[in-house]
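Asker: Right, I'll just put the structure down here and ask away after.
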Amino acid sequence: MLWACIVLPHLALDGVLRRNPQSGPLVLVDGPVNARRIVSANREAREAGLHVGQRLSAAQALLTRFDAVPYDRAAVDRWHRFLAAVAYRYSSEVSLLPHAIVLEVSRSMSLFGPWPRLEAMLRADLAALGFRHRITAAPTPHAAHVLAGVSDGQAVLTPDAMRQALQRVPIGKSRLPAMATETLPGMGIRTLGQLLALPRDGLRRRFGAGLLEMLDRLTGDLPAGLDSYRPPDVFDLRIELMHEVENIASLVFPLRRMTGDLAAYLAGRDGGVQRFTLRLEHRDGRVTEVPVGLLTPEREPGMLFELARGRLDQVQLPEPVLAMRLVARELPPFVPAGRDLFDERPTHALPLDQLRERLRARLGDRAVHQLDSTTDPRPERAQAVAGNPCRSGFSREAFGPGFGIRDSGFAKAKASRLKPLLQGIGPRPTWLLDRPIPLRGAAPRILAGPERLETGWWDGGEVCRDYYVVETSLGQHAWAFCAPGEQDGWMLQGWFA
Amino acid sequence: MGAVVALSTLLDAQQVWRGRAAPLPAGEQPTGWAALDDVLPAGGWPPAALSEILLPADGVGELRLVLPSLARLTQGGRTVVIVAPPYLPCVAGWQQQGVDMRRVDIVAAGDNDVAWAMEQCLRSGSCAAVLAWPRQADDRTLRRLQVAADHGQALAFAFRDRKHLPHASPAALRLELEAAPRAQVWVRKCRGGSVPAQPVPLGRALH
């Protein structure tokens, strides 16, 4: 067993800073309204002389301009759980400790490589998300937690090394109950090593069984007794903006953070997202919803951001935005797209699916589609939007009834089955009008025909027409029809372009 | 034995006359119209470049000009994108010309978005050819499309009205289609070669 411990010393402050790009003195305050105290301060604030524990009134006397944000316990808890979801990517056994996350990594190392590499990956993930951290590794989770309180980057991989490392830990940093840490130094016990060497019976009489149990958990003589963390099935992230935002451009930075968080969460779950909703919250609970739909499950942060931004750009804000929330309920499994080893496209090529997503993000869900033929001989119904151009059904009926074509199943009319059908029919144009229109101008010259289509009696759309290929005075070749037996009243159906 | 000389190096150095004229190199992107291929400097469409096709009206044979190329590309498994076509492509008609419609994506775009969508498709590098009917395209837009086609190594076809002929264009190839009195195509500009003085007849007897 090897446990990694990630201590998050500035969780609350980092959570606030990451939605707030501008720098400047910023402090978190907590406590009753008349006695607010600083609980966390950023570097600029500390350089200006503010420090943790100071009263807010004293700080205001020192510095005239700084941001004071109320400490939000719920937000801290949310970030804590979010980071546990990110860590879930590296291990199936993740637990929460106060201001820390522990994860069992001995089995993960066969996938991600030896500990230094895994540690580097964890650090890169946390740095990208904007959270300061300390990481240690030890054979028990509590030992890793204690060592993380002493130093950063320490890794003790064997039980013996762990015992030696624990020997030197001062009692004050041992994360033992306050009663023990206050009393023991007065008894001359200053390090964990001295404490572990004491006879157990005496310790039990003085401090009760609880302390011994904790020491046993620390050294691994007892199981750690931690509850495993399970990532939630719904991603729900809300960012409260510092100011009222009236233009979309100011929402881009928080949006990038949110989609980045969504991507990190999805990587932890090894899932993708196909639909998510951006909720822009206004005053008095009014909400503007921006749904974002994708053709296939995705989780690449850049792509999620670009698509969400494309949708957001089209939104007209009715009133200022106070907060933004991202909700993703459907999190289907993510299947990476395969690419051909002998792909002849340029190396920087954007995959076709991503291109379609990009077009849909700006032009609308139904903008990109394919056409396929049906078995119906009537030109208005002979073709339909292919049901499944890209493994999902959003593009069905892209052109809608306005084009006079009926949506019918792709599977019914596979190209292979159509080959014999195609040979039996007469020439077909390359352009089709959405509905026939009268052919204006002088009488056309007939080039071929007639081809009679008489069908549709079973569904009320009965047609009986003679189709001809005709040439207009402009030299265009047209596909036109008239009533059977007549050569007058030409109706234009398509062009042989 | 002396030093062994590879035959290919001798031939490449053109020191050996082989007794017959080398055949004209076939173009990378033949148009499918032999007469047109003969007069075009690239032996076909200019690869990775914009071709502009100017029309007197819709439906005068502009699709038949490009359909052989589209058939060749789609049958080779490459994707072709059609942006904002003026009419609905007729599946049966295209299939009769050999086009695999499963490889043809149709993009519906408003007048303002046609050039953008075309540029995205060209630049992506995953489309073999992009056809578009831009209504509002100025010199700058066409230049962007030309650069995008070069970047994504794709064939770009812009179909425009004949009235744009007097304006200069950055397209590598400009063709003007004539339907009456007989179907023929004029090469108005071709990069890398001289403009032929005669139009190329376009047989239309095939429906």
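Asker: Which ordering of A:LEU266, A:LEU352 is given by a fewest-first count of other beta-carbon atoms within 10 Å? Walk me through the numbers before you get to the answer.
Answerer: On the way: A:LEU266 24, A:LEU352 19.
Least crowded to most crowded, the residues run A:LEU352, A:LEU266.
Asker: Still on this structure, please answer the following. In debye, nearest 20, what is the charge dipole magnitude of the protein assembly as shown about its Cα centre with +1 on Lys and Arg Cβ and -1 on Asp and Glu Cβ, if you could check?
Answerer: Working: 84 positive and 73 negative charges, 278 e Å.
Roughly 1340 debye for the protein assembly as shown.
Asker: Charges on Cβ only, +1 for Lys and Arg, -1 for Asp and Glu, centred on the Cα centroid of the protein assembly as shown; of A:LEU147, A:LEU317, B:ALA168, which one is farthest towards the dipole's positive end?
Answerer: A:LEU147
Asker: Please order A:ILE135, B:ILE106 by the number of other Cβ within 10 Å, starting at the fewest. Can you show the working numbers first?
Answerer: Numbers: A:ILE135 21, B:ILE106 25.
Final ranking by Cβ density, sparse to dense: A:ILE135, B:ILE106.
Asker: Now for a separate question. On a full-extension model of 0.36 nm per residue, what is the gain between A:ARG78 and A:HIS282, subtracting their alpha-carbon distance, rounded to one decimal in nm?
Answerer: Working: separation 204, 0.36 × 204 = 73.44 nm, distance 2.21 nm.
Taking 0.36 nm per residue and subtracting the Cα distance, the gain is 71.2 nm.
Asker: Using only Cα atoms, what is the ratio of the radius of gyration of the stretch A:235-330 to 2.2 N^0.38 Å?
Answerer: Values: Rg = 12.7 Å, N = 96, 2.2 N^0.38 = 12.5 Å.
Ratio of Rg to 2.2 N^0.38 Å for the stretch A:235-330: 1.02.
Asker: Next up: About the Cα centre, and with charges only on the beta carbon of Lys, Arg (+1) and Asp, Glu (-1), how big is the dipole of the stretch A:235-330? Nearest 20 debye, please. Spell out each step's value before the answer.
Answerer: On the way: 13 positive and 15 negative charges, 32 e Å.
Charge dipole, the stretch A:235-330, about its Cα centre: 160 debye, nearest 20.
Asker: Ok, one more. Give the relative contact order (percent, whole number) for chain A; include only Cα pairs under 8 Å separated by 6+ residues. Numbers along the way, then the final one.
Answerer: Working: 855 pairs, mean separation 48.1, N = 497.
Normalised by residue count, the contact order of chain A is 10 percent.
Asker: I'd like to know which of B:PHE159, B:GLY32, B:ALA84 lies farthest towards the positive end of the charge dipole of chain B, counting +1 on Cβ of Lys and Arg and -1 on Cβ of Asp and Glu.
Answerer: Selected residue: B:GLY32.
Asker: Also: For chain B, modelled as a Gaussian network with Cα springs under 10 Å, which listed residue fluctuates most, B:ALA35, B:ALA197, B:ALA137?
Answerer: The residue that fluctuates most here is B:ALA197.
Asker: Still on this structure, please answer the following. Please get the size of the charge dipole for the stretch A:7-71, origin at its Cα centre, with Cβ charges of +1 on Lys and Arg and -1 on Asp and Glu, quoted in debye to the nearest 20.
Answerer: On the way: 8 positive and 5 negative charges, 14 e Å.
For this selection, approximately 60 debye.
Asker: Projecting each Cα onto the charge dipole of the protein assembly as shown (Lys/Arg +1, Asp/Glu -1 at the beta carbon, about the Cα centre), which of B:VAL195, A:SER106, A:GLN370 comes out farthest on the positive side?
Answerer: A:SER106
Asker: Helix-derived [θ] at 222 nm for chain A: sum -39500 (n - 2.57) over DSSP H runs of at least 4, divide by residue count, nearest 500?
Answerer: On the way: 16 runs with 156 residues, N = 497.
Dividing the helical sum by the residues of chain A leaves -9000 deg cm²/dmol.
Asker: Report, to the nearest 10°, how far helix A:415-424 tilts away from the longest principal axis of the Cα atoms in chain A, using its own Cα long axis and a range of 0 to 90°.
Answerer: 10 degrees
Asker: Relative contact order of chain B: what whole-number percent is it, with Cα pairs under 8 angstrom and at least 6 residues apart?
Answerer: 24 percent
Asker: A follow-up question, please. May I ask what percent, to the nearest 5, of DSSP beta bridges between residues of the protein assembly as shown are antiparallel?
Answerer: Values: 79 of 106 bridges.
The antiparallel fraction comes to roughly 75 percent.
Asker: Cα extents of the protein assembly as shown along the three principal axes, largest first, in whole Å?
Answerer: That gives 114, 90, 55 Å along the principal axes, largest extent first.
Asker: Still on this structure, please answer the following. For A:VAL327 and A:ALA209, FRET efficiency with R0 = 30 Å and r from the beta-carbon atoms, rounded to 0.05? Kindly include the intermediate steps, with their values, before the conclusion.
Answerer: Numbers: r = 46 Å, r/R0 = 1.55.
That pair, A:ALA209 with A:VAL327, gives E of 0.05.
Asker: Right, next: Taking the beta-carbon count within 10 Å as an exposure proxy, list A:VAL33, A:VAL146, B:VAL107 from fewest neighbours to most. Please list the in-between numbers first.
Answerer: Numbers: A:VAL33 6, A:VAL146 23, B:VAL107 26.
Taking fewest neighbouring Cβ atoms as first place, the list is A:VAL33, A:VAL146, B:VAL107.
Asker: Specify whether the C-alpha gyration tensor of the stretch B:42-166 places it in the rounded, prolate or oblate class, a ≥ b ≥ c being the square roots of the eigenvalues: rounded for a/c under 1.5, otherwise prolate if a/b is larger than b/c and oblate if not.
Answerer: Working: a/c = 1.43, a/b = 1.18, b/c = 1.21.
In terms of gyration-tensor shape, rounded.
All of the numbers you see were taken from the coordinates with simple rules; none came from a lab. Model, not experiment: these values are computed from the prediction. FYI the Cβ positions are ideal-geometry reconstructions off the backbone, even for glycines, and counts take in every protein chain you see.
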